[in-house]
C-alpha cells in the first residue's frame, strides 16, 4: 500500500515557482513630460490651477467695483463748461456763494467729486476744438459746476471722476444731480431745457420730461420763462429771481400784448435795485392797471413808477378801503382829503 502511494506521488508534477514580483516603478516627477495627449492636458491643468484660482479671486474683487468711476485730482483750469452748462453767472455771486466757497476752502477742496468727460478733438489736418473751448482745456463738466468754480477761484485742485458719456447722458446726469443738490432756479432750468430742444437733443417737451423724470407742466413753465424777451428778463436784478408761478401770467401778458409788455419792461430799466422781484413782476403784468374794482376781498395794487404805493380792497357791498404802503404825514392827509372830496363830487354829479 505504502509503495503504491509513493509511486502515485512521484507522478504528480508541481507547477514551477512564479518569479518574485518586480518592485513598483516610481512615478516620474511632475517635471517629466507625459507620454500621451490626455496626460499632457492633465499636467497643464495641474500646473495652471494656482493661476486660475488667483484669477478668480481678482475677478471677484473687480466685481465689487463694477460700474465705479475712478477719481483723480485735476487742475480746474483744464476743465471747461459744456454747451449744456446750466448755472447762470449770478449763481457764483453773493453771500450764499461766499459761504459755499469758504466750506470748500476749509476742507482743502471738494470732498464730493464732480464728473467730467474728456474733450474729443479730431486728429489730423484742420484739428480744432469745439466753439468757445480753449486749447488749454482737456475736460468739460458733466455736473459739479459750483464745486469746480469754487476750486478754480480758490486755486485748489478739483477732485473729479472722468467718465465716458454722450451728450444726452451728460444732460440727464447734470439735471438730476443738480436737482438733488442746490436746485437750479426756474430760469436756469428753462435755459437748459430750451437749449436741449434747440440743439435737437430731444424732439419735444414730453420726451425731454420723460427722460429726466420731471413733470411735463414744470418743463413747459420753465421753458416759457427762458423764451421771454430779453428786455423782460433784464428788468429783474438777476434772472434767477424769476419763479415758476410767474411763468403763466408773464406768458399771458406776452401773448395778449407784446408791445405793452416791452414798454413796461423798458420803464423798469435801472429800477431793479430799488424794487423786489415780486414788485417787478407785478409791474410787468400790469397788476392794478386793469380790472381795478376787483372781486370782494381781493386787494388791487396801485403802482407808481413801477412800485406798489397802495392797495385798494372792497367788501361784498362795494365799499372800498385803501391802505398806503408808506405812512402819511399831516400834510398828506390834507391833500388826500381834498382828492377824495373831488372824487365824491364827481360821482354825485
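The rows are residues; the columns are (1) out of contact with any helix residue (DSSP H, G or I) (no Cβ under 7 Å at 6 or more places or on another chain); (2) in a helix (DSSP H, G or I); (3) surrounded by 16 or more Cβ atoms within 10 Å (Cβ to Cβ); (4) modelled with pLDDT under 90.
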site: 209; (1), (2), (3), (4): no, yes, yes, no
site: 219; (1), (2), (3), (4): no, yes, yes, no
site: 225; (1), (2), (3), (4): no, yes, yes, no
site: 228; (1), (2), (3), (4): no, no, yes, no
site: 232; (1), (2), (3), (4): no, yes, yes, no
site: 250; (1), (2), (3), (4): no, yes, yes, no
site: 254; (1), (2), (3), (4): no, yes, yes, yes
site: 270; (1), (2), (3), (4): yes, no, no, yes
site: 281; (1), (2), (3), (4): no, yes, yes, no
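Every residue, every condition in (1) more than 19 Å from residue 268 (Cα to Cα); (2) modelled with pLDDT under 75; (3) part of a helix (DSSP H, G or I), yes or no:
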| residue | (1), (2), (3) |
| --- | --- |
| 289 | no, yes, no |
| 292 | yes, yes, no |
| 298 | yes, yes, no |
| 302 | no, no, no |
| 313 | yes, no, no |
| 335 | yes, no, yes |
| 343 | yes, no, yes |
| 346 | yes, no, yes |
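The values are calculated or read from the model by the stated rules, or taken from the named source; none is laboratory data. Keep in mind the model is a prediction, meaning the values are calculated, not measured. So basically every Cβ, Gly included, is an ideal-geometry build from the backbone, and we count neighbours across all protein chains shown.
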